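Participant: Structure incoming, see below.
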Amino acid sequence: MRKWFMLLCCWPLLLAAEELSSPGGQTTLRFYIDQGKLTYELHYKGQPVLRPSHLGLELVNWPSLMDGFSLVKTERSTFDETWQPVWGEERAIRNHYNELAAEVVQERTQRHITLRFRVYDEGIGLRYELPCQEQLDNVIVGEEHTQFALTGDHTAFWLPGDYDTDEYEYTVSRLSEVRQLQEQARTENATQRGFSSTGLQTSLLLKTDGGLYINIHEAALVDYSCMHLNLDDEHMVLESWLTPDAKGRKGFIRCPTHTPWRTVMVTDDAREMLASRLILNLNEPCKLTDTSWIHPTKYMGVWWEMMTGKSTWNYADYQAVNPDTTDFARLTPTGRHGASRENVMRYIDYASEHGFPALLVEGWNCGWEDSWQKYNNYSFTRPYPDFPVQELQSYARSKGVRLIMHHETSGSVAHYERYMDEAYAFAHDNGYDLIKTGYVGNIFPSGHHGDQWMVDHFLYSVQLGAKYHLMIDGHEAVRPTGLCRTYPNLVCNESARGMEFQASAGVQPRHVTILPFTRLQGGPMDYTPGILEMDVSKVNPENHSRVKATVCNQLALYVTLYSPLQMAADVPESYERYSDAFQFIKDVAVDWEESRYLEAEPGEYVTVARKAKGSDDWFVGSVAGSKAHESVIALDFLQPGIQYTATIYEDGKDASWQERPDSYSIRTKKVKKGSRLRLRAVEGGGWAIRITPMVKR
């Protein structure tokens, strides 16, 4: 009798629940209103992924949208398309989902909002939609309360919550250990910023004891603050936490509007997470009518020698200068200026000789004497006296090389925006087609790198770039959320700890086996791989850092860390020293017809095979993390009936990133469809293969 009573009590709730499964039936979403609160649950293959989780918006200038809701109506639909990216990991991407739009009303205020859910086989996207109505107009957001109620104390691959940088090493721990580890880190490093001892960044990767991989992130971040996550470590509930501006405000919205998508990816096979395009699919289609000028590219740079301290960005010694009025010809040069005419021409010659179509030059513009912009004085149109723009651009063109422009702002964004149109026009008029932007330092005047004002600025830089046919590579920008689908001239972001740290603090070997599951889910990364000389003192004798990788690990990164913009980051002297390994960097493609994810475990190993677009060549790369890994790879992706030559670059028998990073071997082997290769990567090591048909078709 008691059992029947409980079922009858639950019956109204069961009737009100809306259930929606993905097209393949793997993922199931359940939405309902629990005592006036908007609530959802998520299951994957019958296993609970998210327990009942509440949704709501806390408002500053209106009564909050947190409770008191009833359901008005629901609409269901199915969508299935295949679209072609301008560049990417494959030529075509399928976007197939089932959708539920639930319109609800807050009864005491009669305000309506819609919760929209898109359910894919590998996860969901959800967002809030606010129509125009008398009871809701211009809105100041106090906080968004989107919950992700977890089913246990999962293993997390996490970065600490920080409004201004995501250039941290990943910590791998149980969620219950986050608070203690964060407090310990703050004690040891007083400069670490973050909003709470349980604050985490997205994209957050979790692994359950039952073997599910879960990723929580956001998609299509436009005109809204970047989302962090706050952890209730007593109940294992993650909740959205928006980046505030300088006055603590989380966002300003004008109805009708909608929030970015909140995404939850889930799979029981780590390879499927790498293959997912859920975040790209939740973004709008390309808004550019002409994309013919957008092109993937490999590039070299006058860069690593600066990172190691061999040369300088500044032309003269550090001092307060006004780049618009200072006569730099009268200043005493440092004698180590990297962007000098002679040095840049040397790099142009080397890039041309080895088939690299682009060259980044940092430190070309006046103002670097200000020591990271205490006076906000960079010029974006005036070169140093030893960097003749037109002469060098003309010389580069004669060698088949384009120069890449660099704009460092040091966070002085208001200063930058005053000159952006003029600066982008200057770049276009002088033959540049790519700008690398930088935002090192605290953001002025808005407050933080991830707040709404800066999110708008980063998108403005991309939109303005499209006006002048300029591709954008954004460093220190808000972490990407798939906007490269809508604006494919956003060819790359940094927005994570990259290779530059190997010239100083270092990067742990497992880092590159985690990035594909986290940071790269939102879009490609300008990681700047290709360092072949691990002893940094051979570039700058005064720098005794060591790169924590083997030569073959660096080669494999061109395949495992996807980007349409790949740098050969080392100096020419290192490539001369390792010319046989350098050949793989010269050969590897940057745009792909097809990608196969052969094996993967975050923190341990990632192995990827990719077919070059417009070619029959395949490239395979594998990186190992904190321990060695042996792979047995079946070449089932090759075309039947064709003989191939595999050129294999692998760690040597005595290879070690600590002692013998330069130990490697190169061999060739005849292979065909179904051939099996057994290869071993040491800790922090890897292997890379180029597979070419023996007879070109």
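The values are calculated or read from the model by the stated rules, or taken from the named source; none is laboratory data. It should be emphasised that the depicted structure is a prediction, and the values quoted were computed from it without experimental measurement. Methodologically, a virtual Cβ is constructed for each residue, glycine included, from the backbone with ideal geometry; neighbour enumeration extends over all protein chains shown. Keep in mind that these areas ignore ligands, DNA and RNA; they rest on the heavy atoms of the full protein, side chains included. Shrake-Rupley method; radii C 1.70, N 1.55, O 1.52, S 1.80 Å.
Participant: Where in segment 145-185 are the strands (runs of 3 or more DSSP E), entirely inside, with at least 2 residues that are within 28 Å of Phe31 (Cα to Cα) and of a type outside the set (D, E, K, R)?
Facilitator: Correct list: 147-149, 155-158.
Participant: Please go through (1) among the aliphatic types (A, V, I, L, M); (2) in contact with a Ser or Thr (Cβ under 7 Å, 6 or more places away or on another chain); (3) surrounded by fewer than 20 Cβ atoms within 10 Å (Cβ to Cβ) for Ala329 and return the number of the only condition it doesn't satisfy.
Facilitator: (2)
Participant: Among the residues of segment 379-386, is there at least one that is in a loop (DSSP other than H, G, I, E, B), β-branched (Val, Ile, Thr) and either touching a residue at least 12 places away in the same chain (Cβ under 8 Å) or farther than 29 Å from Val590 by Cα (or both)?
Facilitator: Within segment 379-386, one or more residues are in a loop (DSSP other than H, G, I, E, B), β-branched (Val, Ile, Thr) and either touching a residue at least 12 places away in the same chain (Cβ under 8 Å) or farther than 29 Å from Val590 by Cα (or both).
Participant: In addition: Looking only at segment 287-317, which residues are hydrophobic (A, V, I, L, M, F, W, C), open to solvent by 10 Å² or more (accessible area, probe 1.4 Å) and in contact with a helix residue (DSSP H, G or I) (Cβ under 8 Å, 6 or more places away or on another chain)?
Facilitator: Of everything in segment 287-317, those that are hydrophobic (A, V, I, L, M, F, W, C), open to solvent by 10 Å² or more (accessible area, probe 1.4 Å) and in contact with a helix residue (DSSP H, G or I) (Cβ under 8 Å, 6 or more places away or on another chain) turn out to be Leu288, Met307, Trp313.
Participant: Only one residue in Tyr597, Tyr664, Tyr644, Tyr649 is touching a strand residue (DSSP E or B) at 6+ places or on another chain (Cβ under 8 Å), under 23 Å from Phe517 (Cβ atoms), hydroxyl-bearing (Ser, Thr, Tyr) and open to solvent by less than 60 Å² (accessible area, probe 1.4 Å). Which one?
Facilitator: Residue meeting the stated conditions: Tyr597.
Participant: Further, regarding this structure: Regarding Thr289, is this residue touching a strand residue (DSSP E or B) at 6+ places or on another chain (Cβ under 6 Å) and modelled with pLDDT of 95 or more?
Facilitator: In short, no.
Participant: Another question about this same structure. All but one of (1) within 23 Å of His449 (Cβ to Cβ); (2) out of contact with any strand residue (DSSP E or B) (no Cβ under 7 Å at 6 or more places or on another chain) hold for Glu218, so report the exception by its number.
Facilitator: (2)
Participant: Another question, then. Tell me, yes or no, whether segment 272-279 has at least one residue that is open to solvent by less than 10 Å² (accessible area, probe 1.4 Å), in contact (Cβ under 8 Å) with a residue 60 or more places away in the chain and of a type in the set (Asp, Glu).
Facilitator: No - not one qualifying residue is present in segment 272-279.
Participant: If you check Leu274 against the conditions, is it touching a strand residue (DSSP E or B) at 6+ places or on another chain (Cβ under 9 Å), in a strand (DSSP E or B) and hydrophobic (A, V, I, L, M, F, W, C)?
Facilitator: No: the conditions fail for Leu274.
Participant: So, Tyr558, is that one at pLDDT 95 or above, in a helix (DSSP H, G or I) and not polar (S, T, N, Q) or not? Talk me through it step by step, then tell me what you get.
Facilitator: Details: at pLDDT 95 or above: yes; in a helix (DSSP H, G or I): yes; not polar (S, T, N, Q): yes.
The answer is yes for Tyr558.
Participant: Moving to a separate point now. Could you say whether any residue in segment 425-443 is closer than 30 Å to Ser203 by Cα and more than 24 Å from the chain's Cα centre (by Cα)?
Facilitator: Looking for residues that are closer than 30 Å to Ser203 by Cα and more than 24 Å from the chain's Cα centre (by Cα), one finds none in segment 425-443, hence no.
Participant: What is the number of the single condition among (1) under 30 Å from Glu500 (Cα atoms); (2) surrounded by 18 or more Cβ atoms within 10 Å (Cβ to Cβ); (3) touching a helix residue (DSSP H, G or I) at 6+ places or on another chain (Cβ under 8 Å) that Leu231 does not meet?
Facilitator: (1)
Participant: Does any residue in segment 254-266 that is within 11 Å of Gly123 (Cβ to Cβ) come within less than 6 Å, Cβ to Cβ, of a residue that is open to solvent by 10 Å² or more (accessible area, probe 1.4 Å) and in a strand (DSSP E or B) six or more places away or on a different chain, and which pairs are these?
Facilitator: Trp261/Arg127
Participant: Looking for something surrounded by fewer than 20 Cβ atoms within 10 Å (Cβ to Cβ), within 30 Å of Pro244 (Cβ to Cβ) and over 28 Å from the mean Cα position of the chain (by Cα) - is there at least one such residue anywhere in segment 74-82?
Facilitator: No, segment 74-82 contains no residue that is surrounded by fewer than 20 Cβ atoms within 10 Å (Cβ to Cβ), within 30 Å of Pro244 (Cβ to Cβ) and over 28 Å from the mean Cα position of the chain (by Cα).
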